Structures are given as structure tokens and as C-alpha cells.
Amino acid sequence: MAHHTPPRPRICPVCDGFASVHITTGGRNARGHLRTITAHCPTCHGTGTITRHTREGTRD
């Protein structure tokens, strides 16, 4: 009986696997912590990997 293994995910070519980043907004809160926002890669949606059928620039 042959086993079919699913294709291995590839590293996203847009973000090189660094799918989520925190960006400082320049301000600080009342406790002195930097205010940040999180940005996710639009191609891999923050996972860092893509499947073989996913292409750059496509939208869901």
C-alpha cells in the first residue's frame, strides 16, 4: 500500500519566513512601554510558509 505524503510547505518568497513584525508607533503608554502594531505578510498571512499552489500576488 503506497502512502501519499502531502507536499512540504515552502518558505514564503515575499517575507523569507519572517511573516509577522512589530512596528513601533513612536509613542509610549502610561507605564513607559512602546506602543506597537503587528503587521503580517499579505502573501502567507503570517505563517511564514506557502503551499505549492499559492502564488505571489494572489488574493483570497
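Listing for the model above:
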quantity: Single match in PRO42, PRO7 (criterion: in contact with a Lys or Arg (Cβ under 6 Å, 6 or more places away or on another chain) and either among the aliphatic types (A, V, I, L, M) or assigned to a loop (DSSP other than H, G, I, E, B) (or both)); calculated: PRO7
quantity: Top-ranked residue in region 1-19 [being among the small types (Gly, Ala, Ser) and within 16 Å of GLY46 (Cβ to Cβ); ranked as most open to solvent (accessible area, probe 1.4 Å)]; calculated: GLY17
quantity: Region 25-52: number of residues that are open to solvent by 40 Å² or more (accessible area, probe 1.4 Å) and of a type outside the set (Ser, Thr, Tyr); calculated: 13
quantity: Failed item in (1) open to solvent by 80 Å² or more (accessible area, probe 1.4 Å); (2) at pLDDT below 90, with HIS22 passing the rest; calculated: (2)
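The values are calculated or read from the model by the stated rules, or taken from the named source; none is laboratory data. Since the model is a prediction, treat every value here as computed from it, not as a measurement. Glycine also receives a Cβ, built like all others from the backbone with ideal geometry; neighbour counts cover every protein chain displayed. Accessible surface is based on the protein model in full, side chains and every heavy atom, while ligands, DNA and RNA are left aside. Shrake-Rupley method; radii C 1.70, N 1.55, O 1.52, S 1.80 Å.
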